[in-house]
Structures are given as structure tokens and as C-alpha cells.
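**Q** Handing you a structure now.
Here, each number is a calculation from the coordinates, and none is a lab measurement. Remember, it's a predicted structure, so these values are computed and weren't measured experimentally. Please note: Cβ atoms are built from the backbone with ideal geometry, for glycine as well, and neighbour counts cover all protein chains shown.
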Amino acid sequence: MTKSPPSFDYIVVGGGTAGLAVASRLSEDEAVRVLVIEAGGDHGSDPLVSTPGALVGQYGDPKYDWNFRSVPQPGRVGEARQPGLGPNHPASRGAVHIASPDIRVRPRLDPKYMSHPLDLEVLARHVQFVEKIVATKPLRSSFKMGEGGARLPPGLVGDTLEGAKEIVRRRLVSIWHVTGTCAMLPREKGGVVDRQLRVYGTRNVRVVDASVFPLQPLGNTQSVVYAVAERAADPINNCESVT
């Protein structure tokens, strides 16, 4: 006799911060069956997974990292150690789109850095301020200024607004807290999910993670993801509005 395939009330795709928080809340009801689908094998005894501080050891390793890369951004050069700064609320908005009907082909990621002129203006003025800081004692002694030191990009100094803007154009990098790719916004404004976190055009497909943020939050995104997941669990279970 052939067994019937198991049935589930909810299927959670992705066992990350939000996925496991939502699955845990939904599973509090013993009558509810929840399936969590996660890529990869069991890394429970792997020190690079169980030790929070070892996260950097996973970067670029296909065993842990999907290694998604954005499309090339204009004006970028190589990497180096240097003072860094970042806007809390960038105005530029990027785009993520499928590149092929083949699920094995990675999506096209375009952050569109500085596509909004305000970002360039704000960052450039911060660069000017950083120039003053690194030239001021005692911090000045921590940097190789003049002979023995090097500027990247070579020859550029951020003591003028235009010089600072050129540094930003050529030295901008991500700080890896990418959000908003499935933003909770009206559909006509580029939104992907509604107030119930349902994907527009579907009845029971929801997104619960950092991609639904309509704005970049301050600081690390993980704590906000936990908050969204906790807030979303009850409405998902009761088909209510999240907001």
C-alpha cells in the first residue's frame, strides 16, 4: 500500500533568522504542522557555524556562502584598509531581477550606488570631515601621512567637495546589510509584498526577512529581522494584517 505524502499547514523556505523564528512561533500550536526547507547539510558541529565571531571565515567559501555578486559599478577600483563611513539611510535604490528562467542561473543584482544625488553629496561631505580627523593629533600618528604612506585612489585628496566626491565614486563599497529587495510598499511604487507580507498576485506566499524593509534600518539588521518575524507570526497564523 502506497503511503500518502505528508501534508503541512505551513512551509517555511529558509532556516535563517526570520525563518526559524516564524517556524518556532507557528509550531507552538501542536495541531499545526510546519516544514522548514533549508539549503545545505548539517553544520551543527562546525566551529565556523557555531561560533559567532567566526562568521568572517565563511565569506567567499562556497560551502557556506552563495557568493552572489552584484553587477560592476562604474568607477570602482581595488580594496585597501582606510577610514570608513556609511550613510544610515541611503536614498538610492537598487534592483534584483531574475536573469534566466533557469533556477540555476543567479539573479542580476544591481545596487545602483549613488543613483540618488543626495547620497553622493552626504558621503562627500563626510569624507571632507574625515580628512580633518585623520590630520588631527593624536589620531594622525596612526596613519602614514606623506612619505611612506599611500592614498587610494592615488593622488586624490578630499579637502575639496569635488575631490571628496571623486573619492566616493571610486572607493564606495557595500557594508553587506542589504535590505528592501521585496519591500513592503504599494505595488505602484515598486513594492513586492502587502501589509500582510503576501507577495502581490498570490494568496498564500509571504516574505518574512530583511528584504521587506521599505527603508534601511540603523545598525545591524538582525535585531530588526527578529522583530519582524515575531510580529509576523500571529498574523500569518490568523490571516490578519501585520501593521
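**Q** When the chain is modelled as a GNM with alpha-carbon springs shorter than 10 Å, which of 123, 85, 139 fluctuates the most?
**A** Result: 139 has the largest fluctuation of those listed.
**Q** Can you sort 189, 112 by how many other beta carbons sit within 10 Å, fewest first?
**A** Values: 189 8, 112 13.
Sorted ascending by nearby Cβ count, the order is 189, 112.
**Q** Restricting to lysine pairs 8 or more places apart or on different chains, what number in the range 95-171 have Cα atoms under 25 Å apart?
**A** Details: 112/165; 132/144; 132/165; 144/165.
Counting lysine pairs in the range 95-171 gives 4.
**Q** Then there's this: Helix 222-238: angle to the longest alpha-carbon principal axis of the chain, degrees 0 to 90, nearest 10?
**A** Approximately 20 degrees, to the nearest ten.
**Q** Now for a separate question. Calculate the FRET efficiency for residue 161 and residue 92 from the Cβ-Cβ distance with a Förster distance of 22 Å, rounded to the nearest 0.05.
**A** Numbers: r = 19 Å, r/R0 = 0.86.
That pair, residue 161 with residue 92, gives E of 0.70.
**Q** Also: Return the FRET efficiency for the residue pair residue 56, residue 220: r is the Cβ-Cβ distance, R0 is 25 Å, and the value is rounded to the nearest 0.05. Intermediate values should be presented prior to the final figure.
**A** Values: r = 15 Å, r/R0 = 0.58.
Step by step, r from the Cβ atoms, then E = 0.95.
**Q** Still on this structure, I have one more. Would you mind putting 36-48, 191-203 in packing order, based on average other-beta-carbon counts within 10 Å, highest first? Provide the component values of the computation, followed by the final result.
**A** Working: 36-48: 10.5, 191-203: 14.9.
So the peptides 36-48, 191-203, ranked by packing, come out 191-203, 36-48.
**Q** How much length would be gained if the chain were fully extended between residue 32 and residue 195, taking 0.36 nm per residue of separation minus their Cα-Cα distance, in nm to one decimal?
**A** On the way: separation 163, 0.36 × 163 = 58.68 nm, distance 2.36 nm.
Result for the pair: 56.3 nm of gain on full extension.
**Q** 7 Å from Cα along Cα→Cβ at both residue 136 and residue 151: what's the point-to-point distance in nm?
**A** For residue 136 paired with residue 151, the spin-label model returns 2.0 nm.
**Q** Taking 0.36 nm per intervening residue step and subtracting the Cα-Cα distance, what contour gain separates residue 65 from residue 121 on full extension?
**A** Values: separation 56, 0.36 × 56 = 20.16 nm, distance 3.36 nm.
Extra length available between residue 65 and residue 121 comes to 16.8 nm.
**Q** Give the angle, between 0 and 90 degrees and rounded to the nearest 10, that separates the Cα long axis of helix 117-134 from the longest principal axis of the Cα atoms of the chain.
**A** 50 degrees
**Q** With a cut-off of at most 12 other beta carbons within 10 Å, and DSSP calling the residue loop, which GluC sites (Glu not before Pro) in the range 88-194 qualify? Please list them.
**A** Working: sites: 121, 131, 147, 162, 166, 188; in loops: 147.
Of the GluC sites (Glu not before Pro), the ones in loops of the range 88-194 whose Cβ has at most 12 other Cβ atoms within 10 Å are 147.
**Q** Mean projection of the alpha-carbon convex hull of the chain over all orientations, in nm²? Working shown, then result.
**A** Details: hull surface 75.3 nm².
Mean projected area for the chain: 18.8 nm², to one decimal.
**Q** What size of dipole, in debye to the nearest 20, comes out for the chain about its Cα centre when the only charges are +1 on Lys and Arg C-beta atoms and -1 on Asp and Glu C-beta atoms? Don't jump to the answer; show the numbers that get you there.
**A** On the way: 29 positive and 25 negative charges, 174 e Å.
For the chain, the charge dipole is close to 840 debye.
**Q** A further question on this structure: Can you tell me the FRET efficiency between residue 203 and residue 39 if r is taken as the Cβ-Cβ distance and R0 is 25 Å, rounded to the nearest 0.05? All intermediate terms of the calculation are to be shown ahead of the outcome.
**A** Numbers: r = 26 Å, r/R0 = 1.02.
Given R0 = 25 Å and the Cβ-Cβ separation, E is 0.45.
**Q** Let me ask you something else. On a 0 to 90 degree scale, rounded to 10, what angle separates helix 17-26 from the longest Cα axis of the chain?
**A** Its long axis makes an angle of about 20 degrees.
**Q** Let me ask something else. With the crude spin-label approximation of a point 7 Å out along Cα→Cβ, what separation in nm comes out for residue 129 versus residue 170?
**A** If labels sit at residue 129 and residue 170, their model points lie 2.4 nm apart.
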